[in-house]
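**Student:** The structure that follows is given in the form of structure tokens.
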Amino acid sequence: MLSLPAIHGVIRRRILVNFRVDPSIMQRILPPPFRPKLLDGAAIAGICLIRLEQLRPRPLPAAIGLSSENAAHRVAVSWTTPSGDEQEGVYIPRRDTNSGFNVLAGGRARRTPRSRARAIEFFF
């Protein structure tokens with residue numbers, strides 16, 4: 001398993017938007033063994049938008065850290081383990097980022113591929 005150094009940084013912004021989806025449509029995009037977790041008969045999907053700043057290995061100063069805008073597409077799921085236990089979690093079929101570094105590093109550290117995306121500025 002890949003060993004990564006401790007990373008420090010700032011979560012400048014995090015927006016989580018969830019929405020209801022027809023379970024039969026959601027099931028089509030989920031790989032086995034996942035099933036959509038239902039709430040009042042609907043599957044729950046969402047997108048997490050997050051801006052990270054000053055990301056760097058622990059001993060380095062914040063001034064040389066990297067920043068990025070990121071999005072993770074998420075689905076609430078359940079599955080049955082080989083031993084018959086029911087589990088719940090979040091499946092992330094896609095991640096997007098405006099950072100070329102995140103695309104390269106993220107694809108090696110996680111099985112979810114990252115795509116290069118343009119950043120969208122939010123003003124609050």
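The values are calculated or read from the model by the stated rules, or taken from the named source; none is laboratory data. Only a predicted model underlies this, so the values are computations on that prediction, with no experimental measurement involved. Glycine also receives a Cβ, built like all others from the backbone with ideal geometry; neighbour counts cover every protein chain displayed.
**Student:** Which residues, counting only those in the range 44-65, are assigned to a strand (DSSP E or B), aliphatic (A, V, I, L, M) and surrounded by fewer than 16 Cβ atoms within 10 Å (Cβ to Cβ)? Reasoning before the result, please.
**Tutor:** Taking the range 44-65 first, the residues assigned to a strand (DSSP E or B) are 44-57.
Still in the running and aliphatic (A, V, I, L, M): 44-45, 47, 49-50, 52, 55.
47 - this is the single residue of the range 44-65 that is assigned to a strand (DSSP E or B), aliphatic (A, V, I, L, M) and surrounded by fewer than 16 Cβ atoms within 10 Å (Cβ to Cβ).
**Student:** Something else: If I filter the range 69-92 for residues that are of a type in the set (Phe, Trp, Tyr) and closer than 30 Å to residue 5 by Cα, do I get at least one hit?
**Tutor:** The initial filter retains those residues of the range 69-92 that are of a type in the set (Phe, Trp, Tyr), namely 79, 91.
The next check asks that each one be closer than 30 Å to residue 5 by Cα; those that pass are 91.
So far as the range 69-92 goes, yes, one or more of its residues are of a type in the set (Phe, Trp, Tyr) and closer than 30 Å to residue 5 by Cα.
**Student:** Which one of these is at pLDDT below 95, surrounded by 17 or more Cβ atoms within 10 Å (Cβ to Cβ) and not aromatic (Phe, Trp, Tyr): 105, 72? Spell out the reasoning first.
**Tutor:** Values: 105 fails: surrounded by 17 or more Cβ atoms within 10 Å (Cβ to Cβ).
Only one candidate qualifies: 72.
**Student:** Going by the conditions given, is residue 34 more than 15 Å from residue 95 (Cα to Cα), buried (at least 17 other Cβ atoms within 10 Å of the Cβ) and not acidic (Asp, Glu)? Walk me through how you get there before you give the answer.
**Tutor:** Numbers: more than 15 Å from residue 95 (Cα to Cα): yes; buried (at least 17 other Cβ atoms within 10 Å of the Cβ): yes; not acidic (Asp, Glu): yes.
Judged against the criteria, residue 34 is a match.
**Student:** Using the structure shown, decide if residue 78 is touching a Phe, Trp or Tyr at 6+ places or on another chain (Cβ under 8 Å), surrounded by 11 or more Cβ atoms within 10 Å (Cβ to Cβ) and farther than 19 Å from residue 95 by Cα.
**Tutor:** Values: touching a Phe, Trp or Tyr at 6+ places or on another chain (Cβ under 8 Å): yes; surrounded by 11 or more Cβ atoms within 10 Å (Cβ to Cβ): yes; farther than 19 Å from residue 95 by Cα: yes.
Against the criterion (touching a Phe, Trp or Tyr at 6+ places or on another chain (Cβ under 8 Å), surrounded by 11 or more Cβ atoms within 10 Å (Cβ to Cβ) and farther than 19 Å from residue 95 by Cα), residue 78 qualifies.
**Student:** Just to be sure before I move on: is residue 97 surrounded by fewer than 11 Cβ atoms within 10 Å (Cβ to Cβ) and among the β-branched types (Val, Ile, Thr) in the structure I sent?
**Tutor:** Values: surrounded by fewer than 11 Cβ atoms within 10 Å (Cβ to Cβ): no; among the β-branched types (Val, Ile, Thr): yes.
The answer is no for residue 97.
**Student:** OK, next. Any idea which residue in the range 7-24 is surrounded by the fewest Cβ atoms within 10 Å (Cβ to Cβ), counting only those that are closer than 14 Å to residue 36 by Cα and of a type in the set (D, E, K, R)?
**Tutor:** Out of the qualifying residues, it is 22.
**Student:** Between residues in the range 81-102 that are in contact (Cβ under 8 Å) with a residue 40 or more places away in the chain and farther than 19 Å from residue 28 by Cβ and residues that are of a type in the set (Lys, Arg) and assigned to a strand (DSSP E or B), which pairs lie under 6 Å by C-beta distance while being six or more apart or on different chains?
**Tutor:** Listed by first residue and then by second, the contacts come to nothing, as the list is empty.
**Student:** Output the residues belonging to the range 1-38 that are touching a strand residue (DSSP E or B) at 6+ places or on another chain (Cβ under 6 Å) and assigned to a loop (DSSP other than H, G, I, E, B).
**Tutor:** 5, 33, 34, 37, listed by residue number.
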